[in-house]
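The structure under discussion appears below in the form of C-alpha cells.
The values are calculated or read from the model by the stated rules, or taken from the named source; none is laboratory data. Since the model is a prediction, treat every value here as computed from it, not as a measurement. Heads up, the Cβs are rebuilt from the backbone with ideal geometry, glycines too, and the neighbour counts pull from every protein chain shown. What goes into the accessible areas is simple: the full protein's heavy atoms, side chains included, and nothing from ligands, DNA or RNA. Shrake-Rupley method; radii C 1.70, N 1.55, O 1.52, S 1.80 Å.
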Amino acid sequence: QSMYYIIIPQAIKNILPALGNEFITLIKETSVASVIAVTDLTKAAQYVGSRTWDILPPLLIAAACYLIMVLGFSRLLSVFERRLSKGDRH
C-alpha cells in the first residue's frame, strides 16, 4: 500500500516532465521515418503532392497536424503537472 499511495505518485510527479518532453520529441521525429520508407504523415503529404503536382498545400496541412498534436499534448501535460502540483499542498 505504501508503494501505491506514496512512492508511485512521487515517482510519476518527478518523471512526468521528462516523459512528456520525450513524447513530444518522438512526435516531431516521426517525420524522419519517411526517409526509411515508413509511411507517415509527411510521406503521405509528399505522395499527395506528387499526385496533384502541388506539393506545398499537403505539406502545410501535415505541418498543421503536427503542430496541433504537439500543442495538444503540451497542454495536456501542463494540466497534469498543475494537477500534480496541487496535490502537494494537501
Open item on the list: I'm told D54 meets every condition in (1) part of a helix (DSSP H, G or I); (2) among the charged types (D, E, K, R); (3) modelled with pLDDT of 80 or more except one. Can you identify the failing condition by its number?
Closed with: (1)
Open item on the list: Being at pLDDT 85 or above and in contact with a helix residue (DSSP H, G or I) (Cβ under 6 Å, 6 or more places away or on another chain) is the filter here; which residues of the stretch 25-51 pass it?
Closed with: V48, G49
Task: When residues of the stretch 70-90 are limited to those that are open to solvent by 100 Å² or more (accessible area, probe 1.4 Å) and charged (D, E, K, R), the one modelled with the highest pLDDT - done: R75
Open item on the list: List the residue pairs whose Cβ atoms are under 9 Å apart, where the first residue sits in the stretch 67-79 and is among the aromatic types (F, W, Y), the second is open to solvent by less than 90 Å² (accessible area, probe 1.4 Å), and the two are 6 or more positions apart or on different chains.
Closed with: F73/G20; F73/I24; F73/I27
